[in-house]
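Engineer: Dumping the structure here so I can ask a few things about it.
The values are calculated or read from the model by the stated rules, or taken from the named source; none is laboratory data. The model shown is predicted, which means the values in this text are computed figures rather than measured ones. Backbone-built Cβ (ideal geometry, glycine too); neighbour counts: all protein chains shown. When the accessible area is computed, the model is the full protein with side chains, heavy atoms only, and any ligands, DNA or RNA have been set aside. Shrake-Rupley method; radii C 1.70, N 1.55, O 1.52, S 1.80 Å.
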Amino acid sequence: MNMITMKMNNAKNNQRLRFAAAERLHKACKKISRLFFSASTHTLIMTLTMGLTLGLTMTASYQANAEEVISFDVITPSIWRTVNDTVMGGISQSTVKTNANSAIFSGELSLERNGGFASTRTEMTQAVPSTHNLIRIAVKGDGRQYQLRIRTDEQWDSYAYSKPFNTENNQWLQLVFKAEDFTPVYRGREVDAPALSFSQIKQIGFLLADKQPGPFELAFKNIDFIVSASEQ
């Protein structure tokens with residue numbers, strides 16, 4: 001009888017241990033599920049909250065490396081307008097066309113009639129969060145030097161913050177800049193202006209003024225604002 005009782009007690013103890021282990025596993029799975037649902041919901045809420053602008057469309061996402069990205073869709077052709085040296089009597093021409101993956105800024109640069117620049121820009125009606133201190137662009141050029149241009153007002157003829165960058169012929173490049181990399185300029189000359197903050201951007205675009213007449217083409221994809229690793 002004692003042997004039978006001991007076996008029954010051992011069986012009950014083993015059963016309790018299995019139940020306890022199963023309960024711990026169940027609780028762990030529930031916790032993981034809650035964390036996953038919370039993260040997914042947060043991403044969805046940010047995407048819906050930030051998804052509507054009158055100019056560039058902005059969405060938020062979280063990549064696998066936990067990098068938070070504010071991304072502006074550039075492939076709507078109607079949001080882009082061109083401003084060329086024709087406003088000053090020149091004859092340079094440019095257009096912006098889009099496809100499923102990118103926008104293409106192209107045309108013909110002329111130095112005649114004291115001209116020499118072509119540009120495109122769009123409005124950004126929703127502010128970039130102040131936490132996002134880097135701008136990232138993906139461009140495919142023709143070997144010429146272009147400028148990324150940012151304005152903090154809605155005027156068409158005012159100073160802009162400029163960052164020149166070189167391109168490689170028919171090669172996609174990913175470039176990342178800080179606000180401090182931009183220089184305030186007006187009609188090609190440096191001017192005094194407040195320090196640039198991405199949270200104050202009202203207009204953004206590209207300009208060509210490399211004094212090299214002839215055809216040009218610059219393709220570009222989404223414009224991203226990110227948080228530097230040192231700020232996370």
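Engineer: Taking a ≥ b ≥ c as the square roots of the eigenvalues of the Cα gyration tensor of region 81-144, is the shape rounded (a/c under 1.5), prolate (a/b larger than b/c) or oblate?
Structural biologist: Numbers: a/c = 2.30, a/b = 1.74, b/c = 1.32.
Prolate, since a/c reaches 1.5 and a/b exceeds b/c.
Engineer: Cα centroids of region 163-201 and region 73-133: how far apart, whole angstrom?
Structural biologist: For region 163-201 versus region 73-133, the Cα centre distance is 15 Å.
Engineer: Moving on. Can you give the accessible area per residue of region 71-159, in Å², using a 1.4 Å probe?
Structural biologist: Working: 4090 Å² over 89 residues.
On a per-residue basis, region 71-159 sits at 46 Å².
Engineer: What is the packing order of peptides 217-223, 99-105, taking the mean over residues of other C-beta atoms within 10 Å and listing the highest first? Walk me through the numbers on the way to the answer.
Structural biologist: Working: 217-223: 20.1, 99-105: 15.6.
Result, highest mean Cβ count within 10 Å first: 217-223, 99-105.
Engineer: Give, in whole angstrom and from largest to smallest, the semi-axes √(5λ) of the equivalent ellipsoid of region 109-225, with λ running over the eigenvalues of the Cα gyration tensor.
Structural biologist: Listed largest to smallest, the semi-axes of region 109-225 are 23, 18, 12 Å.
Engineer: Starting from the 7 Å offset along Cα-to-Cβ, what nm value, one decimal, do you get for the label separation of Thr86 and Trp172?
Structural biologist: 3.2 nm
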